[in-house]
2 protein chains.
Amino acid sequence: MTLPIAGLGLTGCSPNTSNRYLEGNFAPVLAESTVTSLDVTGIIPGELAGRFVRNGPNPDDDPGGSRYHWFVGRGMVHGVRLDAGGAMWYRNRYVASPSGQTPNTSVIGHAGKTLAIVESGGLPVELDYDLTSVNDELKMGGGFSAHPQLDPDTGELHAICYDWAALRDHVRYVVIDAAGVLKSETKIALPGMTMIHNMSITQHYAVIYDLPVTLSFLALGTGSSFPFRWNDEYEARIGLLPRDGEDRDIIWSSVKPNYAYHPMNAYEDSEGRVVIDVVRYDKMFESDTNGPFGDSLPRLDRWTINPVSQTVSEEIVDERPLEFPRCHPDLNGKPYRFGYSVAAQYDGFPAIYKHDVQKGVATQFSFNSGQHGAEPVFIPGESARSEDDGFLMTYVYDTNRDASDLAIFDAQDLERGPVATVHLPVRVPYGFHGNWIPDHSESAATA
Amino acid sequence: MTLPIAGLGLTGCSPNTSNRYLEGNFAPVLAESTVTSLDVTGIIPGELAGRFVRNGPNPDDDPGGSRYHWFVGRGMVHGVRLDAGGAMWYRNRYVASPSGQTPNTSVIGHAGKTLAIVESGGLPVELDYDLTSVNDELKMGGGFSAHPQLDPDTGELHAICYDWAALRDHVRYVVIDAAGVLKSETKIALPGMTMIHNMSITQHYAVIYDLPVTLSFLALGTGSSFPFRWNDEYEARIGLLPRDGEDRDIIWSSVKPNYAYHPMNAYEDSEGRVVIDVVRYDKMFESDTNGPFGDSLPRLDRWTINPVSQTVSEEIVDERPLEFPRCHPDLNGKPYRFGYSVAAQYDGFPAIYKHDVQKGVATQFSFNSGQHGAEPVFIPGESARSEDDGFLMTYVYDTNRDASDLAIFDAQDLERGPVATVHLPVRVPYGFHGNWIPDHSESAATA
């Protein structure tokens, strides 16, 4: 997430002070690389023709030492192209539009375009097939979101867009049509300048996460690179905005104080309740003001919202620390059974989890010592017969060789380990979100 | 040097057998990189605006293990752009023209173009400013040379072009005009298919090095990737071809058996003798058939040829092993005083030498332990007052951090060490030749 805080400067920063978000595999890589000869272990499924792309921060200047926040580094997209059972290339490229945009949080395929995206006012940037930035994408209505939600029935993207510097007292709910053009925009007033990283859609609602991480004028005034802080005074609440409704139609319900970046999925049950499986933290940006993992570790909860009583029942689905949840893209906003996540310890990402949220059980693949996973992206199989018939892809950092792999799992047999591993000669630093963008598809791949 | 030996195959090769030309910093790098944020120690002279480019082999497929020859890997050009005292970028790119040419031996600037070049029938390939291959350069008359010699008075390039597969019983002496177009071509018959890596020019002559490394049909037939071998039966001789003469005008003189890739310079003295300072080996490709350093180590000799008596006096100038000699480009083919070379041990390149060939003395800069230099390119100063008033540039591999530097020396004060060092995050593998190509110059930079 790039925040428009130019001019605030970084006075008083101490570049040599320790900052875990600049160390180990959080550290930026120094080169843009192209590798066309890649070693592969195992067999890459022949049906996978496309690019596995992921965005993340890669600060290339003095990032501010102890004051550097993980969310503000320049965007860098890493990608591996697969085709006919082969790994054709690895590329990493800074996101750098001519206007200076460098969205760092996700990269999606939509309407035939590859788009790097970010929240908080940043424009999407179109990348070419080889991941070189082309230009700002202006058809989507300006400052966008890192987490548009795909409506699998319409191909539309739904997003909550915040931009404290420009919008101040409200956020925008936007719908982008399947052709990539802004279709509708709804202004949503809020009591504070909250950081709204994500949203959900269900059959009838857009879900608004209005949670107690808000703009801190103290942080702003003291030159913090990322001026959002935990706010004990701010009420945590979830809003259900009827998809065609307006601000005044939102059904707000309180939840326990928490912060959540990533719902695994949300849907409406047979009784009209909204069920949200969400990765949530008890605290965020209170003592650790450089990144998300220092105040509390996240767990997977289920929130069930009764829109009539405006009450939320909260239950723990998986208490193990985990992050970056994904589900089947065609079931986004619908009842589902399987979700996927990565174990999130304070010191790394040691396993991939597969959650059966109907049965309340999970399986996992634990990496070898020194290996760390990332967001596991689910890719439906070409002729899938069941919800989990497909593949999981993730980048895996290997401390032992200080380089990363692309690991491809059979999602029905996660425990077996990767069916194929593409060994990169370079690191893919820990970062944020990405997608599999098939070569022959105009459809969105996003979460 | 890329040889047209497609179809010979590499049967019987043993990829895991040790081959020093695939190990350490001889090993290829795996990625094409772009680095725009470069650390610099010292102060880059502000007058240096241009690119320091160097070509070398970078095999990207299974290179044949113990049978891989250093001269046959795909070309990769490494470059650092300097401007206004800053290091703007480092890039390395495979040389890869649409027709499949991948010259690996040198890279020059001529007639406003950046050209990767090679001998033995390969076409020059034009690179764009960012070192991406554009296309074959066809105006220079076909298969070219890795060592065209610049005539500083005319801006012409002179070259001896061999191509055993196409030409068989002769080589071509070509002159390329200052606009980059073939001006003249002279056929030179030879008694064998010799590997003629280089040539020299003097005021009246083109110098032909017809030395006893010749095509080996045994090597060809057994699938060697590089089929030239030492030939005890072949007479070592130097030819003086009057610049406007023909084959029959060549004045041939015998020299002791040797092989030489690189003259430091050649010129005619006041008595009409041709003086050649040359780096020469006692033996080449006899037992070490993978590269140049295993049979003997090179030293700097002076050959003085009397064209009337057709005799050559040979004397040792510097008996220390050294290679990749350079001199002031404006004195190419003319009397000169200073030459530059790199120490060439069997296990590395530990020092840069500056030779005063008039006084018969040398100074040097020895690298720190684990650091290895390369060809030192002399760049005249902007308002130079003496022959050695300028800079030396070379890539320096640092074993300790497994990465390379670009080192810039004051050529008048070599012993002081680099005035500026640009630290690259990646290795520049040991390779061959390169040049400084100023931004605002159409003139050739070559040797």
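Computed values, structure above
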| item | result |
| --- | --- |
| Test item: Cα-centred dipole of the range B:108-222, Lys/Arg +1 and Asp/Glu -1 on Cβ, debye | 320 |
| At most 13 other Cβ within 10 Å, DSSP loop - GluC sites (Glu not before Pro), the range A:349-447 | A:E382 |
| Distance (nanometres) between label positions extended 7 Å along Cα→Cβ at A:S99 and B:D169 | 7.0 |
| Per-pair calculated FRET efficiency, R0 = 56 Å: B:E382 and B:L218 via Cβ, rounded to 0.05 | 0.60 |
| Copies compared at B:A179 - label distances in nm, ascending, label defined 7 Å from Cα in the Cβ direction | 5.2 |
| Gaussian network model of chain A, Cα within-10 Å springs - most flexible of A:P263, A:P335, A:P148 | A:P335 |
| For the range B:223-287 versus the range A:47-70, the gap between their alpha-carbon centres in whole angstrom | 55 |
| Euclidean distance between Cα centres, the range A:109-125 to the range A:137-165, Å | 8 |
| DSSP-assigned coil residues among trypsin sites (Lys or Arg not before Pro) in the range A:327-360, each with at most 12 further Cβ atoms within 10 Å | A:K359 |
| Mean projected area in nm² (Cα convex hull; one quarter of hull surface) for the range B:6-438 | 19.0 |
| Net charge of neighbours whose Cβ lies under 10 Å from the Cβ of B:V278, counting Lys and Arg as +1 and Asp and Glu as -1 | 0 |
| Semi-axis lengths, Å, the range A:120-163, gyration tensor of Cα atoms, sqrt of 5 times eigenvalues | 19, 15, 8 |
| Label point 7 Å beyond Cα along the C-beta direction, distances from B:E235 to other copies (nm, shortest first) | 10.5 |
| Candidates B:G373, B:G333, B:G245: whichever shows maximal mean-square fluctuation once chain B is modelled as a Gaussian network with Cα springs under 10 Å | B:G245 |
| Residues of type aspartates and glutamates that B:K113 reaches as a straight line, Cα spacing below 15 Å, ignoring anything fewer than 8 places off in the same chain | B:E126, B:D128, B:D130, B:D136, B:E137, B:E156, B:D177, B:D439, B:E442 |
| For the protein assembly as shown, Kirkwood radius (reciprocal of mean inverse C-alpha pair distance, Å) | 30.2 |
| Label-point separation in nm, A:V361 to A:Q310, each point 7 Å along Cα→Cβ | 4.1 |
| Net +/- balance of residues flanking B:G79 in space, Cβ distance below 15 Å, scoring K and R +1, D and E -1 | -2 |
| Shape call, the range A:87-178: gyration tensor on alpha carbons, a/c limit 1.5 | oblate |
| Greater than 26 Å apart at Cα, pairs in B:K187/B:K354; A:K139/A:K256; B:K183/B:K334 | B:K187/B:K354; A:K139/A:K256 |
| Exposed chymotrypsin sites (Phe, Trp or Tyr not before Pro) absent: longest stretch of chain B, with sites in DSSP loops and at most 12 other Cβ within 10 Å deemed exposed | B:130-345 |
| Environment charge at B:G417 (Cβ cut-off 12 Å; Lys +1, Arg +1, Asp -1, Glu -1) | -3 |
| Low-density loop cleavage sites - GluC sites (Glu not before Pro) in the range A:213-291, where at most 13 other Cβ are within 10 Å (DSSP) | A:E233, A:E246, A:E271 |
| Residue with peak Gaussian network fluctuation, chain B [Cα springs, cutoff 10 Å], from B:V278, B:V255, B:V342 | B:V255 |
| Value of relative contact order over chain B, rounded to a whole percent, pairs C-alpha under 8 Å and six or more apart | 15 |
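All of the numbers you see were taken from the coordinates with simple rules; none came from a lab. This is a predicted model, so every value here is computed, not measured. Glycine also receives a Cβ, built like all others from the backbone with ideal geometry; neighbour counts cover every protein chain displayed.
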